[in-house]
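This report refers to the structure that appears directly beneath it.
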Amino acid sequence: MLTEEEKDTLFDAICDGDRETVVELVDKARSGGHDLGALLKDTMIPAMAAVGDQFSAGEIFVPEMLVAARAMQGGIDIIEPILAASDHEPLARVCIGSVKGDLHDIGKNLVVMMLKGAGFEVEDLGVDVPNEAFAAAADRGHQVICLSALLTTTKPQMLSVVNYLKEAGKTVKVVIGGAVVTQDYADKIGADAFGEDAPGAVKAVKRALGMAN
Ligand code: B12
């Protein structure tokens with residue numbers, strides 16, 4: 001278990017981009033049987049949100065944001081296999097990617113983790129994914145395509161993917177998410193579901209497949 005002080009240190013280490021300390025503390029939490037889902041939700045994600053606030057306030061710039069992201073990813077890499085461990089038949093085959101022009105992937109990686117943990121088979125296409133790659137994933141038998149966008153400038157790319165899939169005659173379901181996306185936007189572009197966060201992504205994929213309301 002991590003003490004409150006260690007959790008504070010972890011929070012600061014993410015904000016400061018101190019990957020080594022992040023890895024050390026998350027590894028300690030793992031070996032000590034700490035609830036890793038709670039650590040992620042209550043300490044690590046809020047740390048990334050604080051980084052975003054500092055960026056918005058002009059207190060830090062892209063390089064600092066990048067090292068913070070790398071530090072966060074160091075912790076996620078330890079947590080992912082544990083939260084994702086599942087020995088069930090996959091509920092469905094899902095593919096995910098950050099849309100073309102968007103290089104943000106921390107949130108997407110969390111969604112991957114949660115979907116795997118919920119029993120879905122997930123193929124991660126990475127970042128800056130062109131429309132054709134999503135269509136090809138539909139051809140490989142994926143039942144749901146998940147799109148992530150963090151930028152106002154890449155949000156319209158989601159509509160482009162939806163239209164591209166429609167015009168190519170793909171019947172795959174589309175689920176969208178990311179900080180700039182809303183349920184209204186999902187309705188507007190004809191996406192099948194919207195998820196606000198990683199747990200919400202699981203519900204959204206289930207909704208799109210008619211497995212939940
Ligand atoms: C880290 C970061 C970066 C890193 C990304 C590293 C990486 N590997 O991801 C770097 C430094 C590369 C970066 C670059 C840029 N960034 Co940036 N970045 C951030 C930051 C600080 C954190 C994002 C993050 O990881 N959040 C934590 C995760 C857990 O949250 P999340 O991504 O929202 O994901 C959750 C939900 O949205 C949802 N979700 C996400 N995807 C999906 C998908 C589905 C299907 C579902 C259902 C749900 C879902 O679930 C996730 C988990 O809960 C944000 C600020 C912020 N507070 O968001 C700015 C931010 C997104 N960036 C911003 C900007 C402007 C940029 C740059 C343009 C800066 C520049 N001038 O170069 C570039 C653009 C690069 C590009 N082409 O993509 C702006 C965007 C403003 C806007 N509305 O357009 C933000 C909001 C900062 C700000 N306050 O101005 N960035």
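The values are calculated or read from the model by the stated rules, or taken from the named source; none is laboratory data. Please read these numbers as outputs of a predicted model, since none were measured by experiment. Note that each Cβ is placed from the backbone with ideal geometry, even for glycine, and that neighbours are counted across all protein chains shown.
What to note about this one:
- Total residues in segment 48-66, condition more than 9 Å from the ligand (Cβ to nearest atom) and either touching a Ser or Thr at 6+ places or on another chain (Cβ under 6 Å) or assigned to a helix (DSSP H, G or I) (or both): 0
- Scanning segment 73-81 turns up one or more residues that are in a helix (DSSP H, G or I), of a type in the set (A, V, I, L, M) and touching a residue at least 40 places away in the same chain (Cβ under 8 Å).
- Selection within segment 190-202: residues that are surrounded by 19 or more Cβ atoms within 10 Å (Cβ to Cβ) and without any contact (Cβ under 8 Å) to a residue 60 or more places away in the chain. The member of this set that is nearest to L150 (Cα to Cα) is F194.
- Residue that is modelled with the lowest pLDDT [pool: residues in segment 100-117 that are touching a helix residue (DSSP H, G or I) at 6+ places or on another chain (Cβ under 6 Å) and of a type in the set (K, R)]: K116
- Members of segment 118-148 found to be within 20 Å of Y185 (Cβ to Cβ) and in contact with a helix residue (DSSP H, G or I) (Cβ under 6 Å, 6 or more places away or on another chain), listed by number: N131, F134, V144, I145, L147, S148
- Filtering segment 168-213 to residues that are of a type outside the set (D, E), assigned to a loop (DSSP other than H, G, I, E, B) and in contact with a strand residue (DSSP E or B) (Cβ under 6 Å, 6 or more places away or on another chain) leaves V172, G178, A191.
- Restricting segment 76-117 to residues that are among the small types (G, A, S), farther than 17 Å from R140 by Cβ and within 12 Å of the ligand (Cβ to nearest atom) leaves a set whose member that is surrounded by the fewest Cβ atoms within 10 Å (Cβ to Cβ) is G101.
- Within segment 158-178, tally of residues that are of a type in the set (G, A, S) and within 10 Å of the ligand (Cβ to nearest atom): 2
- Exclusive hit being assigned to a helix (DSSP H, G or I) and closer than 21 Å to D197 by Cα, set A29, A13, A69: A69
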